[in-house]
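Student: Sharing a structure, written as structure tokens. Questions coming.
Bear in mind that the values in this text are calculations on the coordinates, not laboratory data. Quantities reported herein were computed from a predicted structural model and do not represent experimental measurements. Ideal geometry is used to build each Cβ from the backbone, glycine not excepted, and the neighbour counts take in all protein chains shown.
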Amino acid sequence: MNRIILTLAAVMAMGFAACAQNRGESNMQTESKPLVVYFSATGTTAKAARTIAEITGGTLYEIVPQQVYTADDLDWNDRQSRSSVEMNNPQARPALKYTKPDVAAYNVIFIGYPIWWDQAPRIINTFIESHDLKGKTLVPFATSGGSGISNSVKELRKAYSDLEWQDGRLLNGSSRNAVQNWVSDVMTKQSHE
Ligand SMILES: Cc1cc2nc3c(=O)[nH]c(=O)nc-3n(C[C@H](O)[C@H](O)[C@H](O)COP(=O)(O)O)c2cc1C
């Protein structure tokens with residue numbers, strides 16, 4: 001009798017294990033690849049974006065301004081420079097060069113930018129307002145000269161409170177391994193939601 005009970009218990013345990021495994025597999029099959037959108041004026045954020053796209057197998061999409069930022073435009077010591085003027089005006093919406101990527105196919109969208117005056121550059125607002133991002137998981141990432149990402153994410157959350165923002169990550173000098181660990185956390189969390 002004892003042996004029968006033990007055998008039954010073993011068979012049930014194997015069944016549960018198989019179920020758990022199947023669940024894991026089906027998650028992996030249905031988990032969609034992310035879209036990795038970024039704006040980069042001088043190439044640093046672009047590098048981080050490429051790493052995320054490589055690791056996730058996601059689609060890379062560069063936000064290109066209709067009018068490229070020159071070195072003069074980026075001079076933060078000049079209060080009249082284009083970037084200073086834009087960042088001083090919360091309503092500024094620099095135009096995009098290209099029309100939209102098709103965001104509909106993606107559940108997770110990484111959005112990368114350089115920190116400008118502790119915020120996301122205004123062209124990020126242009127991008128957000130030009131696409132239907134409702135229901136997407138939005139994952140900010142940034143590079144900076146030292147400032148953190150949290151104020152920029154706070155501002156984005158405040159401006160677009162109907163969208164689903166994750167806390168995001170500053171990727172200054174992050175090793176590929178560190179990016180991989182973070183991205184894998186983000187994607188795993190997403191696949192269990
Ligand atoms: C207009 C402007 C404002 C900036 N403001 C900040 C800032 O507030 N804090 C900071 O740490 N770095 C600041 N930076 C530095 C950039 O965030 C940093 O160099 C970033 O890595 C550049 O990324 P990119 O090469 O992708 O454009 C600023 C740079 C520019 C051009």
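Student: Which order do peptides 90-102, 145-157 fall in by mean Cβ count within 10 Å, highest first?
Tutor: 145-157, 90-102
Student: Cα centroids of segment 102-181 and segment 40-80: how far apart, whole angstrom?
Tutor: Value for the Cα centre distance between the two parts: 13 Å.
Student: If you average the sequence gap of Cα pairs under 8 Å that are 6 or more apart and divide by the length of segment 86-193, what percent do you get for the contact order?
Tutor: 25 percent
Student: Which of the peptides 42-48, 74-80 is most tightly packed, and how do the rest follow, judged by the mean count of other Cβ atoms within 10 Å per residue?
Tutor: Most protected by this proxy first, the peptides run 42-48, 74-80.
Student: Once the mean 1/r over all distinct Cα pairs of segment 32-191 is inverted, what Kirkwood radius in angstroms do you read off?
Tutor: Every distinct Cα pair counted, the radius reaches 15.8 Å.
Student: So how much slack lies between TRP117 and LEU163, counting 0.36 nm per residue of separation and subtracting their Cα-Cα distance, in nm?
Tutor: Net length gain for the segment: 14.2 nm.
Student: Hey, which lysines would be in cross-link range of LYS134, C-alpha to C-alpha under 25 Å, not counting anything within fewer than 8 residues on its own chain?
Tutor: LYS33, LYS97, LYS100, LYS154, LYS158, LYS189
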